[in-house]
1. For Val132, state whether it is touching a Gly at 6+ places or on another chain (Cβ under 8 Å), modelled with pLDDT of 90 or more and either more than 24 Å from Leu13 (Cα to Cα) or not in a strand (DSSP E or B) (or both).
2. Out of Lys83, Lys89, Lys53, Lys101, which single residue is under 18 Å from Glu142 (Cβ atoms), basic (Lys, Arg) and touching a residue at least 40 places away in the same chain (Cβ under 8 Å)?
3. Would you be able to say whether some residue in segment 110-128 is at pLDDT below 95, crowded, with 16+ Cβ neighbours inside 10 Å and of a type in the set (Lys, Arg)?
4. For segment 91-111, give me the residue count where each residue is in contact with a Phe, Trp or Tyr (Cβ under 7 Å, 6 or more places away or on another chain) and within 19 Å of Leu40 (Cα to Cα).
5. Test each condition in (1) modelled with pLDDT of 90 or more; (2) out of contact with any Gly (no Cβ under 9 Å at 6 or more places or on another chain); (3) aliphatic (A, V, I, L, M) for Val29 and report the one that comes out false.
6. Are there any pairs, at least 6 apart or on different chains, whose C-beta atoms fall under 6 Å, with the first in segment 123-139 and closer than 13 Å to Leu40 by Cβ and the second of a type outside the set (S, T, N, Q) and assigned to a loop (DSSP other than H, G, I, E, B), and if so, which?
7. Can you tell me which residue within segment 84-100, out of those that are of a type in the set (Val, Ile, Thr) and within 12 Å of the chain's Cα centre (by Cα), is surrounded by the fewest Cβ atoms within 10 Å (Cβ to Cβ)?
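The values are calculated or read from the model by the stated rules, or taken from the named source; none is laboratory data. Since we're looking at a predicted model, the values are computed, not measured. Every residue, glycine as well, gets a Cβ built from its backbone with ideal geometry; the counts of neighbours run over all protein chains shown.
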Amino acid sequence: MFKYQATDLGLTLEAEIDCEESLACIREVFGDKRRYLQILANFISNSLKFTDKGGKVTVSILILEQQEIKEDIENNALQKYIKFKMIIKDTGVGISQEGLKNLFVDFNKLEENQQRNTSGTGLGLSICKRIVEQMGGVVKVESTLGVGTEFHIDLRAKTKHIVT
């Protein structure tokens with residue numbers, strides 16, 4: 001979905017998943033998958049929007065912890081609780097320390113980015129942060145103006161892993 005947008009913008013978009021088992025866990029997460037996709041899509045979209053031609057956006061998914069809770073022998077599956085992290089890192093324009101203070105405020109568009117011709121209402125990041133928090137997760141951001149931004153989204157979920 002975003003690969004074409006990145007190519008059109010002259011950007012590199014990469015995905016890093018720590019192992020095949022992590023990918024299998026993420027694919028089988030119980031819960032509102034639309035919300036997980038909304039969160040990921042919004043952060044990726046923002047990174048693409050504020051990264052200049054020739055830049056790079058990297059999306060990483062890491063499984064931090066796994067706890068087996070139930071074995072489903074009939075379906076050859078294990079149910080687990082997982083703690084995972086989504087990292088969206090870009091080589092974009094970055095955010096000032098002052099901008100970081102207001103990044104998740106509703107209807108806020110950062111002053112340092114006003115000259116960029118970008119669409120949006122200034123609601124996406126604040127809504128996604130609230131969704132993550134309602135799911136029991138945390139959003140953290142690190143940024144350096146002129147260097148880039150890195151978002152860390154930590155979540156927990158129940159998942160089903162097919163045993164092969």
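1. Judged against the criteria, Val132 is not a match.
2. Lys89
3. no
4. Count: 1.
5. Only one criterion is unmet by Val29, namely (1).
6. That search, which allows pairs on different chains as well, returns Leu125/Phe104.
7. Going through the qualifying residues, I end up with Ile87.
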